[in-house]
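Report on the structure given below.
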Amino acid sequence: MRTDPGTCARKQRYASEEAALAVAQRAPFPLRPYRCDLCRAWHLTGRTKGMKLPAFELARRRAARQRDG
Ligand SMILES: [Zn+2]
């Protein structure tokens, strides 16, 4: 993903995808980790359109489907 320098500077950085995912999992809204071209760290974005679902999100949806029939 292309990142503009202002966005990069403003955003929280995570050392690994796992660290970013751990935060995304606790967030009350959808967030996706992505690797930043500028700082080579991970950021989170709320722009989830077109991005693949993380494992925890897939598991949640599977669980919801099973619960709701
Ligand atoms: Zn960055």
Out of Ala22, Ala59, Ala41, a Gaussian network model of the chain with alpha-carbon springs under 10 Å gives the largest mean-square fluctuation to Ala59
In degrees rounded to 10, the 0-90 angle between helix 17-26 Cα long axis and the longest Cα principal axis of the chain is 50 degrees
The chain: relative contact order from alpha carbon pairs under 8 Å, six or more residues apart, as a whole percent, is 30 percent
In the stretch 5-68, taking the dipole from +1 charges on Lys and Arg beta carbons and -1 charges on Asp and Glu beta carbons about the Cα centre, the listed residue (Ala22, Ala41, Pro54) farthest towards the positive end is Pro54
To the nearest 20 debye, the stretch 5-68 has a Cα-centred charge dipole, built from +1 on Lys and Arg Cβ and -1 on Asp and Glu Cβ, of 180 debye
Rounded to the nearest 10, the angle in degrees between the Cα long axis of helix 55-68 and the longest principal axis of the Cα atoms of the chain comes to 20 degrees
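Every number in this text was worked out from the coordinates using simple rules, so none of it is lab data. This is a predicted model, so every value here is computed, not measured. FYI the Cβ positions are ideal-geometry reconstructions off the backbone, even for glycines, and counts take in every protein chain you see.
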